[in-house]
């Protein structure tokens, strides 16, 4: 293989962080070498973000039948073809991964399919899929090796009827009864998808509420809990999954709540309790500092305790989100190239439940704990003309604002288009915009984005279409 022995930079992992870094390094003229053990695009493009959101979009009509009927549209014999659904997923994934590969190569980058190990001295040992093994001595290494699903004791992924998130995105059939362990982002998203497809879904969560890793708050949790119940998804909080029993006639998950055992019949069990950093590409002889969760410690430039060795994305710790990985890919690439670009303070989180939920920045409670005196502006979608026209009136926009400066500290959205609307709030939080500035900006009518403008106006009790905070 014709690869320069001492390239400027080697990237291990071609997920959102790795491929973004590679494309940007190509733009800088640095011709990176990218080593990927599985598929270009990593988990996100192949088995995570893109397949699940394709499923979410594809199955959306199945969840809107009653809404259409209320508006005068009746569809008889509504059905779906699972093979065509998965074929379409593969088509979308193929377009995106193929596009990423072309962009890396167009920028002068080289892709090696195989496994890499980072050795002391920043040497990279490569075992390629072609059977050719070689060693590289790069000036810089970017670790973008991602994360892998956490396996619970008693729920081995080797068992045929126990799924991890990869299994769930390409099912050969839809289970009649799906039990999901974990009411986090993956659990709620998969629960929404399979409920639309006709599965009876039950979710077991050991914490006392849903989405335990987010700052949901009482109002938003109430909205989302009601929506899940309306969809027929039953969530059992403060319930620990203890055991999985399987025989020729049935599968049963044994859960425990307040010392009492309960059985949950399941055709399939999806374990969605979290992910852990993947560190197998790092030699045991290389002393890289890690955090308590096993992720690699990095500075503001994404550099580890070894000069010239960077870590980005899931392997560098939470939040484990593709867009966070991509931003860190740009930061690491800039560091390698000697460029100075701005870092980040806030990372938006999005849940593709129905309705969607998104948040960014500080919640009310966090702002108060940080010593801010705050005001909160809210705007319900029931007062939005566009939401009414869509028959999507459940939910609201909420902004948390510093009383002293009027600066927006954080916000959340539950309802239609939350995954898109959070971007404007994220921009406001990251760049220090005020509620007044957002409220004074013309938002096109009729659009869902007007709800953000009205929430900003509501901070000062001046929203046009509702006078209540």
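What the table shows:
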read-out	value
Which listed residue is surrounded by 13 or more Cβ atoms within 10 Å (Cβ to Cβ) and modelled with pLDDT under 90, from 216, 228	216
Matching entry among 114, 108 (being in contact (Cβ under 8 Å) with a residue 24 or more places away in the chain, assigned by TED's automatic domain parsing to the domain that holds residue 31 and in contact with a helix residue (DSSP H, G or I) (Cβ under 9 Å, 6 or more places away or on another chain))	108
Candidate set: the range 120-143, residues that are under 31 Å from the mean Cα position of the chain (by Cα) and crowded, with 20+ Cβ neighbours inside 10 Å; chosen: the one farthest from residue 39 (Cα to Cα)	140
Test: residue 343 is closer than 24 Å to residue 222 by Cα and not assigned by TED's automatic domain parsing to the domain that holds residue 59	no
Single condition residue 177 does not satisfy, out of (1) touching a residue at least 12 places away in the same chain (Cβ under 8 Å); (2) closer than 14 Å to residue 35 by Cα; (3) over 18 Å from the mean Cα position of the chain (by Cα)	(2)
Residue within the range 410-420 that is surrounded by 23 or more Cβ atoms within 10 Å (Cβ to Cβ) and more than 28 Å from residue 322 (Cα to Cα) present	no
Of residues in the range 252-276 being in contact (Cβ under 8 Å) with a residue 60 or more places away in the chain and farther than 21 Å from residue 175 by Cα, the one surrounded by the most Cβ atoms within 10 Å (Cβ to Cβ)	275
Sole residue being touching a helix residue (DSSP H, G or I) at 6+ places or on another chain (Cβ under 8 Å), at pLDDT below 95, assigned to a helix (DSSP H, G or I) and surrounded by fewer than 17 Cβ atoms within 10 Å (Cβ to Cβ), chosen from 62, 78	62
Some residue of the range 64-86 being touching a residue at least 12 places away in the same chain (Cβ under 8 Å) and within 22 Å of the chain's Cα centre (by Cα)	yes
Matching residues, the range 314-332, being in contact with a strand residue (DSSP E or B) (Cβ under 8 Å, 6 or more places away or on another chain) and crowded, with 20+ Cβ neighbours inside 10 Å	314, 315, 316, 317, 320, 329, 332
Those residues of the range 141-164 which are over 30 Å from residue 301 (Cα atoms), in contact with a strand residue (DSSP E or B) (Cβ under 6 Å, 6 or more places away or on another chain) and not in a strand (DSSP E or B), in sequence order	152, 154, 155, 161, 164
Selection status of residue 454, at pLDDT 95 or above, buried (at least 22 other Cβ atoms within 10 Å of the Cβ) and more than 28 Å from residue 324 (Cα to Cα)	yes
Among (1) within 28 Å of residue 15 (Cα to Cα); (2) in a helix (DSSP H, G or I), the one test that residue 195 misses	(1)
Any hit, the range 205-213, residues being part of a loop (DSSP other than H, G, I, E, B), over 24 Å from the mean Cα position of the chain (by Cα) and buried (at least 16 other Cβ atoms within 10 Å of the Cβ)	no
Residue that is over 24 Å from residue 173 (Cβ atoms) and touching a helix residue (DSSP H, G or I) at 6+ places or on another chain (Cβ under 8 Å), where the choices are 42, 72	42
Residue among 429, 376, 400 that alone is buried (at least 24 other Cβ atoms within 10 Å of the Cβ) and either in a loop (DSSP other than H, G, I, E, B) or modelled with pLDDT of 95 or more (or both)	400
Search result, residues across the range 432-459 that are at negative phi, part of a loop (DSSP other than H, G, I, E, B) and touching a residue at least 12 places away in the same chain (Cβ under 8 Å)	433, 441, 445, 446, 447, 448, 449, 459
Extreme residue, surrounded by the most Cβ atoms within 10 Å (Cβ to Cβ), among residues of the range 282-302 that are in contact (Cβ under 8 Å) with a residue 40 or more places away in the chain and more than 23 Å from the chain's Cα centre (by Cα)	282
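The values are calculated or read from the model by the stated rules, or taken from the named source; none is laboratory data. A quick note: this is a predicted structure, and the numbers were derived from the prediction, not measured. Cβ sites come from the backbone with ideal geometry, for glycine too, and all protein chains shown count toward neighbours.
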